[in-house]
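Peer 1: Pasting a structure below so you can have a look.
Nothing in this text is a laboratory measurement; each read-out follows from the coordinates by a stated rule. Because the structure is predicted, anything quoted here is derived from the model rather than measured. For neighbour counting, all protein chains shown are included, and Cβ atoms are generated from backbone atoms with ideal geometry for every residue, glycine included.
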Amino acid sequence: MRRSNSLLGLIGLVLLLFAGVALWGAHMGLTQGLLSTLVADASPETLRGTAFGIFHLVTGLALLAASLLAGWLWSAYGPPWTFWCGAAFTTIALAGLLIASRAR
């Protein structure tokens, strides 16, 4: 078994696992309604169903690609690489968001 160097890979207590799941649930609860509101507000009323369909198609494809990459990283390099790469992608996305907000 490979040694884990990430926080999620080090979880040994069930209580910590449940805390992580609760935080994930809170994140989903706070963001899903906001994303639905953004889609509804950005689309014309006559195309709202189509807009939601496209939103969920793109989201599903992105989740599929992310899951495939995470599964490959987990299998090839172990859990730490999976979580460290996730942290790296998050940092890159945050940097892009900051750059885009300053450009406005």
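Peer 1: Using the Kirkwood formula on the Cα atoms of the stretch 8-103, what hydrodynamic radius do you get, in angstrom to one decimal? Could the numbers behind the result be given before it?
Peer 2: Values: mean 1/r = 0.0617 Å⁻¹.
Evaluated on the stretch 8-103, it is 16.2 Å.
Peer 1: Please give the helix 48-77 orientation as an angle from the longest Cα principal axis of the chain, in degrees from 0 to 90, rounded to the nearest 10.
Peer 2: Its long axis makes an angle of about 20 degrees.
Peer 1: Can you tell me which of 58, 14, 39 moves the most in a GNM of the chain? Springs connect C-alpha atoms under 10 Å apart.
Peer 2: Largest GNM mean-square fluctuation: 14.
Peer 1: Next question, about the same structure. Pop a pseudo-label 7 angstrom from the Cα along the beta-carbon direction at both residue 67 and residue 87 and give the gap in nm to one decimal.
Peer 2: My value for the distance between the label points is 2.5 nm.
Peer 1: A further question follows. For n ≥ 4 DSSP H runs only, could you compute -39500 (n - 2.57) per run for the chain, divide by its residues and tell me the 222 nm figure to the nearest 500?
Peer 2: Rounded to the nearest 500, it is -29000 deg cm²/dmol.
Peer 1: A follow-up question, please. Under the Karplus relation 6.51 cos²θ - 1.76 cosθ + 1.60, θ = phi - 60°, what is the ordered set of whole-Hz ³J(HN,Hα) values for the stretch 22-29, x standing for Gly and Pro?
Peer 2: So the Karplus estimates, Gly and Pro as x, are 5, 5, 4, x, 5, 4, 5, x Hz.
Peer 1: Distance from the Cα centre of the stretch 30-47 to that of the stretch 54-101, in angstrom?
Peer 2: Each part's Cα centre sits 23 Å from the other's.
Peer 1: Follow-up. If the chain between residue 102 and residue 39 were fully stretched, how many nm would it gain, using 0.36 nm times the residue separation less the Cα-Cα distance?
Peer 2: Taking 0.36 nm per residue and subtracting the Cα distance, the gain is 20.3 nm.
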